[in-house]
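The values are calculated or read from the model by the stated rules, or taken from the named source; none is laboratory data. From a predicted model like this one, the values you see are computed outputs, not experimental measurements. Neighbour counts are summed over all protein chains in view; Cβ atoms, including those assigned to glycine, are modelled from backbone coordinates with ideal geometry. Accessible surface is based on the protein model in full, side chains and every heavy atom, while ligands, DNA and RNA are left aside. Shrake-Rupley method; radii C 1.70, N 1.55, O 1.52, S 1.80 Å.
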Amino acid sequence: QVQLVESGGGLVQAGDSLRLSCAASGRTFSSVAMGWFRQAPGKEREFVAGVSKSGGSTYYGDSVKGRFTISRDNAKNTVYLQMNSLEPEDTAVYYCAAARTGWVPTLVNDYAYWGQGTQVTVSS
C-alpha cells in the first residue's frame with residue numbers, strides 16, 4: 001500500500017512559478033515510476049509528467065514540455081513538479097500517482113495509487 005499526499009498548489013498569476021511536492025509512504029516508492037496528472041473541470045484526467053524509478057528518465061505531456069520539470073528524491077520518498085511560465089490553461093487539480101511499473105506509463109489505468117489532489121489556479 002502506498003499513500004500519497006500532494007502539497008504546493010495555490011493561486012498565481014500568468015508567468016509565475018509553483019513547485020508541487022508529493023510525499024509518499026510505503027517501502028515500494030523507489031521501485032516504481034511516479035507521475036503527475038491534472039484534471040480541469042469538464043475534462044479528462046491528463047498526463048503531465050512522469051519519472052522512472054531511478055529518476056534517470058523523464059517524460060512530459062506536449063502542453064508542458066519546456067516549462068515543467070519532474071524530479072524525485074528517493075531518500076525522502078518525495079516527487080516534485082516544478083512549474084514555470086504558468087498559463088491560465090494550466091489551471092486544474094494536480095494529482096500525484098504511483099505507477100505499477102518502474103518505467104513511466106502515460107495512461108491513467110497504469111497507475112495504482114493516487115493522491116487527493118492539489119488545486120492550481122493561474123489567473124490571466
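Observations, loosely collected:
- Checked against the criterion of being basic (K, R), over 20 Å from T106 (Cα atoms) and in contact with a strand residue (DSSP E or B) (Cβ under 7 Å, 6 or more places away or on another chain), the candidates R27, R19, R45, R38 yield just one match: R19.
- In a residue-by-residue description of region 8-29, the property of being at pLDDT below 95 and either touching a helix residue (DSSP H, G or I) at 6+ places or on another chain (Cβ under 6 Å) or surrounded by 16 or more Cβ atoms within 10 Å (Cβ to Cβ) (or both) applies to at least one position.
- For region 1-43, residues that are part of a loop (DSSP other than H, G, I, E, B) and of a type in the set (K, R) total 2.
- Residue count, region 99-124 (criterion: part of a strand (DSSP E or B) and either open to solvent by 20 Å² or more (accessible area, probe 1.4 Å) or touching a Gly at 6+ places or on another chain (Cβ under 8 Å) (or both)): 10
- Taken over region 30-74, the criterion of being under 11 Å from the mean Cα position of the chain (by Cα) and modelled with pLDDT under 95 is satisfied by no residue.
- Within region 75-92, the set of residues being open to solvent by 40 Å² or more (accessible area, probe 1.4 Å) and either assigned to a strand (DSSP E or B) or among the basic types (K, R) (or both) comprises K76, Q82.
- Residue in region 113-124 that is touching a Ser or Thr at 6+ places or on another chain (Cβ under 8 Å) and among the polar types (S, T, N, Q) present: yes
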